[in-house]
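Worksheet: the structure to be examined is printed underneath.
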Amino acid sequence: MERIQLDITKAAQFLSEGAVKAYEPQVKAAQEALENGSCPGNDFLGWLHLPSSITPQFLDEVQAVANTLRQKCEVIVVAGIGGSYLGARAVIEALGNSFAWLVGDKTNPTIVFAGNNIGEDYLFELSEYLKDKRFGVINISKSGTTTETALAFRLLKKQCEEQRGKADAKDVIVAITDAKRGAARAAADKEGYKTFVIPDNVGGRFSVLTPVGLLPIACAGFDIKALVNGAADMEKATAPSVPFAENIAAQYAAVRNALYTEKGKKIEIMVNYQPKLHFIAEWWKQLYGESEGKEHKGIFPASCDFTTDLHSMGQWIQEGERSIFETVISVEQPAKKLLFPSDDENLDGLNFLAGKRVDEVNKMAELGTLLAHVDGGVPNIRIIVPELNEYYIGQLIYFFEIGCGISGNVLGVNPFNQPGVEAYKKNMFALLDKPGYEAESKAIKERLK
C-alpha cells in the first residue's frame with residue numbers, strides 16, 4: 001500500500017535558501033537522542049518502537065474483550081481525559097459514520113465519552129441517556145484519582161450496577177490502569193474487572209496504540225490490526241537510518257522549527273477539509289501543545305475545520321498578524337461518492353457544477369485556499385493521506401508522534417513531561433478543601449479576599 005506524503009514546498013519558499021536542509025544535523029541528533037535514550041524524559045520512550053513490538057496475540061486479547069463488550073452492550077462509555085480519550089475518539093470519529101449516534105447502528109455499539117469535563121449538565125444528560133440502555137464502561141486512568149475521570153466513573157459505576165445488577169456490571173466494566181498501583185487498580189482488583197495495563201514508559205498523549213486507544217477503537221468495530229500495521233510501517237519509514245530528504249517526520253520537524261526560529265511563526269494551524277478529522281486535530285493539539293509548551297517556548301497548536309471556518313477565521317488567516325503557518329491534512333479519496341445535481345431553474349447559479357463529484361468542489365476549495373493563503377503570507381505544509389482507513393490513520397498517528405519527539409528535542413525542551421498541568425489541580429483541590437491541602441487552601445483563600 002501507499003504511504004502518506006509530505007509537501008513542504010509552500011512553506012520552504014518563505015525561508016532562506018537551504019534553511020530546511022540546515023536543520024539536518026539538529027534533527028539527526030534529536031532523533032538519535034530518542035533512539036539511544038539520551039534525551040530528557042527518556043523514561044517515557046515506550047511509544048518509540050511500540051507499533052513494531054505489538055504482537056498478534058496481544059491484539060487478539062484486546063479484540064476478545066472488545067467482542068464481549070460489543071455483544072453485551074448497546075452503548076459503551078469511555079471514561080478518560082486528555083490522552084486517555086482523545087486518541088481513541090480521533091480514530092473513531094475519523095473512520096465512523098458521522099450520524100451513527102443519531103440514526104443508530106445495529107452492527108456496532110454507540111461509543112460515548114465521559115470523564116473529560118466536570119460539566120454537571122453534561123453528566124446529568126448522559127445519565128438520562130443511559131437510563132434505558134444496556135451500557136458498559138471502559139475506565140481509563142493510571143492513578144484512578146484524576147478528578148474529572150474519577151467523578152464520572154463513580155457515577156457510571158453506580159448507575160451500571162443499579163441497572164444491570166452488580167454481577168452483570170462486573171462483566172461490562174473494564175479498567176485500563178497501572179499494573180500495580182493506584183485507586184483504579186485497587187478498585188479493579190476488588191471488583192474483579194477485566195484489566196489492561198497502561199505502560200509506565202508511555203505518556204498519555206502517546207498512548208493511542210496501547211489498550212487506552214486500541215480497546216475503544218476495537219469496540220467501535222474498527223480493525224486494530226490494520227491500525228497497528230500502518231503505524232509499524234511508518235515507524236520503518238521514519239527510522240534514523242532513513243535519509244533526511246526521505247524521512248517525512250524529520251522534514252516536518254525541521255520545517256516547523258525553521259519557520260519558528262527564522263520567521264517568528266509562533267502559531268501552527270492544523271487544517272482539514274474533512275469534518276471527520278476534527279478530533280484528529282484535537283488529539284494533535286494536545287500532543288504538540290503538552291509536549292512543546294515549556295520554558296516559555298514552543299509553537300502554539302491551533303486548528304480549523306475548512307471550509308466551515310473560512311467563514312469565521314478566514315479573514316484573520318488571510319490578513320491578520322503574520323505569526324502563523326498552516327499544516328493541511330489533505331485526503332485524496334473519500335470513501336463515498338456523491339454527484340452534484342442539475343436544477344432546471346438554476347436560481348443559485350450552480351448548474352456549472354452539475355455532474356461533478358462533491359469532493360471535486362471540496363478539492364478546488366482546498367487548492368484555492370492554499371494559493372490565497374500563501375499569497376497572503378501564510379506558509380503551508382501539506383500532509384497527503386490516500387484515504388481514511390485504519391492503515392493510513394495508523395501511519396498518521398505515528399508520523400505525528402515521532403515528529404513531535406524530534407521537534408521537541410530540537411526545540412530544547414523535555415517533550416515527555418507536563419509540569420504546568422499540575423498548577424490548576426493544586427489550586428482546585430485547595431479551593432475544594434481536599435484533605436492534605438489545608439495550607440494551600442488557607443493561602444489561596446487569602447489571595448481571593
Original post:
Using a 1.4 Å probe, how large is the accessible area of Asp121, given in Å² and rounded to the nearest 10?
Top reply: 110
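Suppose all protein chains stay in the model; what accessible area per residue would a 1.4 Å probe give for the chain, in Å²? Walk me through the intermediate numbers first.
Values: 20880 Å² over 449 residues.
So the chain comes to 47 Å² accessible per residue, rounded to a whole number.
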Original post:
Using a 1.4 angstrom probe and counting only protein chains, how large is the accessible area of Lys166 in Å², to 10?
Top reply: 110
Original post:
Given a 1.4 Å probe and the protein chains all in place, what does the accessible area of Ile138 round to, in Å² to the nearest 10?
Top reply: 0
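Hey, if we sort Met270, Met364, Met428 by accessible area with the 1.4 Å probe, largest down, what's the order? It would help to have the intermediate numbers written out before the result.
On the way: Met270 5, Met364 110, Met428 40 Å².
Of Met270, Met364, Met428, the descending order of accessible area is Met364, Met428, Met270.
Rounded if a/c is under 1.5, else prolate if a/b is larger than b/c, else oblate: which is the stretch 1-118, with a ≥ b ≥ c the root eigenvalues of its Cα gyration tensor? Show your work: numbers first, answer last.
Details: a/c = 2.46, a/b = 1.79, b/c = 1.37.
Prolate, because a/c is 1.5 or more and a/b exceeds b/c.
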Original post:
Counting Lys and Arg as +1 and Asp and Glu as -1, each charge on the Cβ, what is the dipole of the stretch 49-227 about the Cα centre in debye, to the nearest 20?
Top reply: 380
Subject >> Separation of alpha-carbon centers, the stretch 186-228 and the stretch 84-139, rounded to whole Å >> reply: 17
Subject >> Dipole axis of the chain (+1 Lys, Arg; -1 Asp, Glu on Cβ), positive-most option in Val410, Ala90, Leu214 >> reply: Leu214
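For the chain, give the percent of accessible area contributed by carbon and sulfur heavy atoms, probe 1.4 Å, rounded to a whole number. Don't jump to the answer; show the numbers that get you there.
Numbers: 11270 of 20880 Å².
About 54 percent, which is the carbon plus sulfur part of the accessible surface.
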Subject >> Simple Cβ-charge dipole of the chain, Lys/Arg +1 and Asp/Glu -1, about Cα centre, in debye nearest 20 >> reply: 1320
Subject >> MRE, 222 nm, helices only [DSSP H, n ≥ 4, -39500 (n - 2.57), over the chain, to nearest 500] >> reply: -14500 deg cm²/dmol
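Going by average Cβ neighbours within 10 Å, how do the peptides 20-30, 401-411 rank, with the highest at the top?
Details: 20-30: 17.7, 401-411: 26.0.
Taking the mean over residues of other Cβ atoms within 10 Å, the ranking is 401-411, 20-30.
Are any of the pairs Lys106/Lys180; Lys133/Lys426; Lys426/Lys449; Lys21/Lys363; Lys131/Lys337; Lys236/Lys363 more than 28 Å apart by Cα-Cα distance, and if so, which?
Checking Cα-Cα distances, Lys106/Lys180; Lys133/Lys426; Lys21/Lys363; Lys131/Lys337; Lys236/Lys363 exceed 28 Å.
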**OP:** Please name whichever of Gln333, His373, Gly293 sits farthest to the positive end of the charge dipole of the stretch 291-390, dipole taken about the Cα centre and charges placed at Cβ: Lys and Arg +1, Asp and Glu -1.
**Re:** Gly293
Original post:
Hey, what did the chain get for relative contact order, percent, Cα under 8 Å, at least 6 apart?
Top reply: 23
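Exactly which trypsin sites (Lys or Arg not before Pro) in the stretch 275-304 are in a DSSP loop and have at most 16 other Cβ atoms within 10 Å?
In loop regions of the stretch 275-304 (DSSP not H, G, I, E or B), the sparsely surrounded trypsin sites (Lys or Arg not before Pro) are Lys297.
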**OP:** Arrange the residues Lys336, Lys363 by how much accessible surface each exposes, largest first, with a 1.4 angstrom probe.
**Re:** Lys336, Lys363
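The values are calculated or read from the model by the stated rules, or taken from the named source; none is laboratory data. In this text, all values refer to a predicted model and were calculated from it rather than measured experimentally. Please note: Cβ atoms are built from the backbone with ideal geometry, for glycine as well, and neighbour counts cover all protein chains shown. Please note that ligands, DNA and RNA were not included when accessible areas were found on the heavy atoms of the full protein model with its side chains. Shrake-Rupley method; radii C 1.70, N 1.55, O 1.52, S 1.80 Å.
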